[in-house]
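Note sheet for the following structure.
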Amino acid sequence: MTRIFETPLYPYQRSPDQDAPKCVRHPVVVVGAGPIGLAMAIDLAQQDVPVVVLDDNDKVSFGSRAICFAKRPLEILDRLGCGETMVKKGVTWNVGKVFTDTRETYSFDLLPEGGHKNPAFINLQQYYLEEYLVRRVRELEADGKPIEIRGRNKVAALSDNGGFVRLEVETPEGPYNLEADWLVACDGANSSARRMLGHDFVGKVFEDNFLIADVVMDADFPTERWFWFDPPFNRGQSALLHKQPDNVWRIDFQLGWDIDREEELKPENIDRRLRAMLGDDVEYELEWSSIYTFQCRRMEKFRHGRVLFAGDAAHQVSPFGARGANSGLQDTDNLFWKLKLVLDGTAPETLLDTYSAERTYGADENIVNSTRSTEFITPKSEISRLFRDAVLDLAVDHEFARPLVNSGRLSVPCTYDGSPLNGPDTDALPHGLRPGAPATDAPLDGGWLLDRLGNRFQLLLIGCEGPDSLEESGVDVEVLHLDPAKNPEIGSRYLGGAPKAVYLLRPDQHVAARWVDHDEAAVRAAVRRAIAKG
Amino acid sequence: MSRLNTKPNMADADEFYARLMAAHDGLTKTQSDALNARLILILANHVGDAKVLNEALEAATNSARQQAGISGKEGRKP
Ligand SMILES: Cc1cc2nc3c(=O)[nH]c(=O)nc-3n(C[C@H](O)[C@H](O)[C@H](O)COP(=O)(O)OP(=O)(O)OC[C@H]3O[C@@H](n4cnc5c(N)ncnc54)[C@H](O)[C@@H]3O)c2cc1C
């Protein structure tokens, strides 16, 4: 059987740029066709911004990586045209259980609120996400959108010349040069772009190793996230079991710091661990296994001149909160429209500094959460182990201790509190939708609100009179009149107790400003502010 | 806003102290540490208020620091 991660998806093809007499300049070059680079390119191409993606490989990413995708990234993927395929293929889950030894100590139910298009979480192998994104790229190409992926094009040298970026690219047929007005580096945690430009990447390494195995088996474990502290089959360490589509199960074994990597990776040793956990009579096939050490770190700034960093290239977290790819998708969601407005000359370049400001804020949130989880799972001192064990023990009989049990705080959307782009707010409207927050979904006229939002600035007039369209500083603002009487969830989620409301939304569906009544001058000022012109 | 109460607040302080000691009777250092950790967590949850807890952490930290300064193992810096 040829697995998806063995099939070239974007095989090398000679580009006319390689034979051009003069170095060709592109508006945007994306380095890396991982999930984040692909999402970036799709988002730009959907906006008719010409984009070229370079990747040193030609296949989807290898083996066991991201599996949990949260609601907000699914909403972003919906805007990119891949969300529905993901949810259809993915395994939807809500319940997580934590065991200590053989006892259940804690469980959570994500209990999603009704009236949202997307579930709280799905599990899906990262290679499916990448495959769907590549398929979407092909669709856009067929529609004549300006997007191109170049496989086995390795960026070997980079320089920012102030007005543009110069790249040296290696291919199977030799090197060539390219220029880009803007470069988006999505080349992963070991980003060569970051290294070539000499930027630092600081944070901490957790002194621990995890064996990650993806196992194909017919098993009747429920569709729940199961996490063990100190289980009989992995004494003194932790373990995780989680279901993926195609009868694939993700199993993690914490191994500790002082291990013999090669020894641990021997098939007979992996088998011994799996047998101890699953029993001797279970039939399984190992799809993939690897040993990881986790880190939490980020670049100080995500914009350096004409180079923008996104995804793991910009920030890296331990995977216990499923915050890696999930946050990378929030990066590109934040960046696509800013880059488009700057390329069009509608917004000043300083708008791109707000990409860095907003997404470093998001990265910090993820790093704090992932660090706390990792420190609970891998206590760094005798005393932290003592308290950790006390929490696990108390949690069995005492409800109060259960929220202290930390086996991963799962990815939640980022609200850009304090962003320089945020405009006026009012206490009269629900706190969860304050400026900086992503719009909340709700049923709308037989469909979904979020399916109507994004890709441009929009003004929601909810039970409120106002214009049918608006143009400010070169930005076309689409006006949506929403009737809360016909759509009660929009009423309850967007108005709270207020009789009416006006929300200005950015192209990434985040709230820019809001009011309890329409005031054209105020809306215009908020649009200018949201594009860094105010 | 409540504040950390550092005035005497127990009806029978001697009685509490004796019970605390009794709880540790016969325990090894490790077992005592485990008991203390549980006690701290139980009491912290009862207090709940983040401001009071922060003040308590600060009061304990300062006291421990002072003690380390006076009779710390490495002695006072010259
Ligand atoms: C065990 C594990 C579990 C995880 N679980 C989750 C999870 O449940 N949920 C979640 O959201 N995240 C999870 N993650 C994190 C997730 O896998 C990453 O955040 C995600 O892959 C980052 O995507 P990226 O596109 O930024 O980088 P990558 O996927 O690393 O892609 C980088 C791309 O750049 C290319 N490249 C590199 N250098 C060059 C160059 N010089 N020239 C051209 N191309 C280059 C590479 O070939 C690659 O295709 C997990 C990670 C691990 C390891």
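The values are calculated or read from the model by the stated rules, or taken from the named source; none is laboratory data. All values reported here derive from a predicted model rather than from experimental measurement. Glycine also receives a Cβ, built like all others from the backbone with ideal geometry; neighbour counts cover every protein chain displayed. Note: accessible area is taken over every heavy atom of the protein model, side chains too, but ligands, DNA and RNA are not part of it. Shrake-Rupley method; radii C 1.70, N 1.55, O 1.52, S 1.80 Å.
At-a-glance table
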| read-out | value |
| --- | --- |
| Tally, over the stretch A:223-242, of residues that are of a type in the set (Phe, Trp, Tyr) and more than 14 Å from residue A:103 (Cα to Cα) | 0 |
| The stretch A:285-308 residues that are under 30 Å from residue A:265 (Cα atoms), paired with ones that are small (Gly, Ala, Ser) and open to solvent by 40 Å² or more (accessible area, probe 1.4 Å) (beta carbon under 8 Å, 6 or more apart) | A:295/A:203; A:296/A:203; A:297/A:203; A:298/A:203 |
| Residue that is nearest to the other protein chains (Cβ to nearest Cβ) [pool: residues in the stretch A:176-196 that are surrounded by fewer than 23 Cβ atoms within 10 Å (Cβ to Cβ) and more than 12 Å from the ligand (Cβ to nearest atom)] | A:181 |
| Hits in the stretch A:159-175 - residues which are touching a strand residue (DSSP E or B) at 6+ places or on another chain (Cβ under 7 Å) and open to solvent by 20 Å² or more (accessible area, probe 1.4 Å) | A:159, A:160, A:164, A:166, A:168, A:170, A:175 |
| From the options A:387, A:400, A:376, residue that is more than 13 Å from the ligand (Cβ to nearest atom), closer than 18 Å to residue A:203 by Cα and touching a helix residue (DSSP H, G or I) at 6+ places or on another chain (Cβ under 7 Å) | A:376 |
| Residue check, residue A:347 of a type in the set (A, V, I, L, M, F, W, C), surrounded by 24 or more Cβ atoms within 10 Å (Cβ to Cβ), away from the ligand (no atom under 15 Å from the Cβ) and assigned by TED's automatic domain parsing to the domain that holds residue A:306 | yes |
| Answer residue from the stretch A:142-156, given it is more than 16 Å from the ligand (Cβ to nearest atom) and touching a residue at least 12 places away in the same chain (Cβ under 8 Å) and is nearest to the other protein chains (Cβ to nearest Cβ) among those | A:147 |
| Condition broken by residue A:5, with the remaining ones in (1) open to solvent by 20 Å² or more (accessible area, probe 1.4 Å); (2) modelled with pLDDT under 95 satisfied | (1) |
| Residues located in the stretch A:302-325, provided they are in a helix (DSSP H, G or I), aliphatic (A, V, I, L, M) and closer than 22 Å to residue A:71 by Cβ | A:325 |
| Subset of the stretch A:403-436 [in a helix (DSSP H, G or I), crowded, with 16+ Cβ neighbours inside 10 Å and more than 11 Å from chain B (Cβ to nearest Cβ)] | A:433 |
| Pick from the stretch A:71-104, criterion open to solvent by 50 Å² or more (accessible area, probe 1.4 Å) and of a type in the set (Val, Ile, Thr), ranking: nearest to residue A:401 (Cα to Cα) | A:102 |
| Candidates A:230, A:220, A:208 - the one that is among the acidic types (Asp, Glu) and buried (at least 19 other Cβ atoms within 10 Å of the Cβ) | A:208 |
| The lone exception for residue A:392 - which of (1) within 14 Å of chain B (Cβ to nearest Cβ); (2) open to solvent by 30 Å² or more (accessible area, probe 1.4 Å); (3) not acidic (Asp, Glu) it fails | (2) |
| Subset of the stretch B:1-46 [surrounded by 14 or more Cβ atoms within 10 Å (Cβ to Cβ) and basic (Lys, Arg)] | B:38 |
| Residue tally, condition within 21 Å of residue A:229 (Cβ to Cβ) and surrounded by 13 or more Cβ atoms within 10 Å (Cβ to Cβ), over the stretch A:257-274 | 4 |
| Filter result for the condition that a residue is over 22 Å from the mean Cα position of the chain (by Cα), of a type in the set (Ser, Thr, Tyr) and either open to solvent by 60 Å² or more (accessible area, probe 1.4 Å) or more than 16 Å from the ligand (Cβ to nearest atom) (or both), over A:292, A:284 | A:284 |
| Per-region count, the stretch A:445-456, residues outside any loop (DSSP other than H, G, I, E, B) and buried (at least 20 other Cβ atoms within 10 Å of the Cβ) | 1 |
| Per-region count, the stretch A:459-472, residues open to solvent by 40 Å² or more (accessible area, probe 1.4 Å) and touching a residue at least 24 places away in the same chain (Cβ under 8 Å) | 2 |
| Residue match in the stretch A:267-276 (condition: assigned to a loop (DSSP other than H, G, I, E, B) and not small (Gly, Ala, Ser)) | no |
